[in-house]
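Presented below is the structure to which this report refers.
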Amino acid sequence: MLSVIIPAFNEQDNAPAAASAISRTLDSYNIDYELIFINDGSTDRTWLRLTQLAASDEKIKAICLSRNFGKEAAIFAGLEAVNGEVCAVMDCDLQHPPKTLVEMYRIWENSDVDIVEAKKRSRGEEKKSYGFFARLFYKLINKVSGLDMSDSSDFKLMDKRAVDALLRMPERLTFFRAMSSWVGFKTECVYFDVEQRNSGESKFKFKGLVKYAVTSITSFTSAPMQIVTAAGAVTFIIAVIMTLDTLYNKLWGGSAEGFPTVILLQLFTSAIIMLSLGIIGYYIAKIYEEIKQRPRYIVSERLNLDKNDKDRRK
């Protein structure tokens, strides 16, 4: 059975369309499935729509989180609830084509692979600025993590072995795209063209995307901490050069007043110190969040899901 995980935040119009399109496609290819929607603290009628869908079809299941915990937490809530031998993560806005899901399932079914990753062939009608920053983000994460995440997405299919490996990872601050690559296992890629959103606009705004990028990088790698070391090395080199220059001018009688130089050096070193303290402080804050050991999410309601099976899996 294929379990399809679909996080939803304020998707009252997209949720019924996604359920219909995915169900219709999987039924046409005779694939046994369940659809698991995760309502991530929506403030519109998303949960009402999911309640109606679950009442009309037992293959449609739903989890309601007590508030908005973020897409990463919603994905892991779905991973912990699946009953199928293989599961996939899809967006609720139908930008991930259901036919590509069938292609991924057939590859898993007929090949000795554990993960099938869908990569973006084209990015659809997104803004050029968004595409630029997305490519910059993935170049950065590729370099600091050593993983190839070019044009990657959350659109992935994984068998039970890969899912169990993910769920054994205890961290609270998660980055699904990178973690699902980090676990290894045999992986194959397919490519898809991003479809136009079925309804509404993307919930990610520029500020949210920047926050998501920073959180993702710092939760998965300690590379930004090396900026502190690099900044210290640069400051040391500049200090040595300025020291030699000062000594030379002093010994040869050409010493200038040097007041502007002193001010500039103070401003430069102060900026380096504040930047370093900011990076270190950010990591300390993340450590503080981790050691509190709070749950990734809190579930307020389940539909068509066996709570005992859910608890047993956790």
Which condition number in (1) at pLDDT 85 or above; (2) of a type in the set (D, E, K, R); (3) touching a helix residue (DSSP H, G or I) at 6+ places or on another chain (Cβ under 9 Å); (4) closer than 29 Å to Arg49 by Cα is the one that Glu117 fails? (4)
Scanning region 171-211 residue by residue, those in a helix (DSSP H, G or I) and modelled with pLDDT of 65 or more turn out to be Phe176, Arg177, Ala178, Met179, Ser180, Ser181, Trp182
The number of residues in region 81-96 that are under 27 Å from Arg161 (Cβ atoms) and either part of a helix (DSSP H, G or I) or open to solvent by less than 20 Å² (accessible area, probe 1.4 Å) (or both) is 10
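Kindly indicate which of Glu301, Glu257 is at pLDDT 75 or above and outside any helix (DSSP H, G or I). Quick ask: steps written out before the conclusion?
Working: Glu257 fails: at pLDDT 75 or above.
Just a single option satisfies the conditions, and that option is Glu301.
Here is a yes/no grid of residues against (1) open to solvent by 60 Å² or more (accessible area, probe 1.4 Å); (2) aliphatic (A, V, I, L, M); (3) modelled with pLDDT of 70 or more:
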| site | (1), (2), (3) |
| --- | --- |
| Ser219 | no, no, no |
| Tyr283 | no, no, yes |
| Asp309 | no, no, no |
| Arg312 | yes, no, no |
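Can you tell me which residue in region 260-273 is modelled with the highest pLDDT, limited to those that are surrounded by 11 or more Cβ atoms within 10 Å (Cβ to Cβ) and aliphatic (A, V, I, L, M)? Steps first, answer last, please.
Applying the first criterion (surrounded by 11 or more Cβ atoms within 10 Å (Cβ to Cβ)) to region 260-273 yields 261-262, 264-265, 268-269, 271-273.
Filter again for aliphatic (A, V, I, L, M), leaving 262, 264-265, 271-273.
Values: Val262: 69, Leu264: 65, Leu265: 70, Ala271: 72, Ile272: 76, Ile273: 79.
That would be Ile273.
The values are calculated or read from the model by the stated rules, or taken from the named source; none is laboratory data. Keep in mind that what you see is a predicted model, and the values were worked out from it rather than measured. Glycine gets a Cβ as well: all are built from the backbone with ideal geometry, and neighbour counts include every protein chain shown. The accessibility values were calculated without ligands, DNA or RNA, using every heavy atom of the protein model including side chains. Shrake-Rupley method; radii C 1.70, N 1.55, O 1.52, S 1.80 Å.
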